[in-house]
Amino acid sequence: MIKYIIVFFVFFNIQNLFAQDFYEQVKGKDWILVTDMKVNKGRDLEFAEFDTRLLSINNMIWTFLPNGEFTYDYQSSADAEACAGVDFLDIDLDESSWQYNPNTNVLMLTLKGGYASIDDFVVRMTYTFEGLSDGNMGQKFTLKYQKTLFYNDLTRFNKRK
């Protein structure tokens, strides 16, 4: 019986070691969204630790804050000669949030935003968090898309008027 208890505690501690809390791993850093900025389309989201060598045109930089809040900004490389602003994702930060469940390793992301305004859509999706790994220029992580819990196209209400 004691052997089973020891095995359980060893397994539990190893699991906690490898599945550290999402926020504990990403806090205090800026993260470049490496994948396409169409975050409302149900895709994996890849983030790389901010490094000016990774910048090209219109890079979206996220900072995960405590209590499920985040901020974002856009930055381009100093060498960039043009700015393609038509695909800028605008997020209503007061209406958007993240929530992580360390027991299931699931991150729920709620976004209100759009590409022409902050009133294009509201979406809530779940992701599994693939912990930090070392890339060529620093750390990176992936949020693997699981499912869309709801999607509300706010533009359809504006079209009826």
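The values are calculated or read from the model by the stated rules, or taken from the named source; none is laboratory data. A quick note: this is a predicted structure, and the numbers were derived from the prediction, not measured. Note that each Cβ is placed from the backbone with ideal geometry, even for glycine, and that neighbours are counted across all protein chains shown. Only protein heavy atoms, including side chains, enter the accessible area calculation; ligands, DNA and RNA are left aside. Shrake-Rupley method; radii C 1.70, N 1.55, O 1.52, S 1.80 Å.
Per-structure values
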| quantity | calculated |
| --- | --- |
| Matching residues in the stretch 102-120 - criterion: being of a type outside the set (Asp, Glu), surrounded by fewer than 17 Cβ atoms within 10 Å (Cβ to Cβ) and more than 22 Å from residue 34 (Cβ to Cβ) | 102, 103, 104, 116, 117 |
| Enumerated strands (runs of 3 or more DSSP E) restricted to the stretch 27-79, each holding at least 1 residues that are touching a residue at least 40 places away in the same chain (Cβ under 8 Å), over 16 Å from residue 110 (Cβ atoms) and open to solvent by 30 Å² or more (accessible area, probe 1.4 Å) | 45-49 |
| Only one of 143, 154, 132 that is farther than 20 Å from residue 62 by Cβ, of a type outside the set (D, E, K, R), surrounded by 14 or more Cβ atoms within 10 Å (Cβ to Cβ) and touching a residue at least 12 places away in the same chain (Cβ under 8 Å) | 154 |
| Residues of the stretch 77-125 that turn out to be of a type in the set (A, V, I, L, M), more than 12 Å from residue 40 (Cβ to Cβ) and modelled with pLDDT of 85 or more, as a count | 5 |
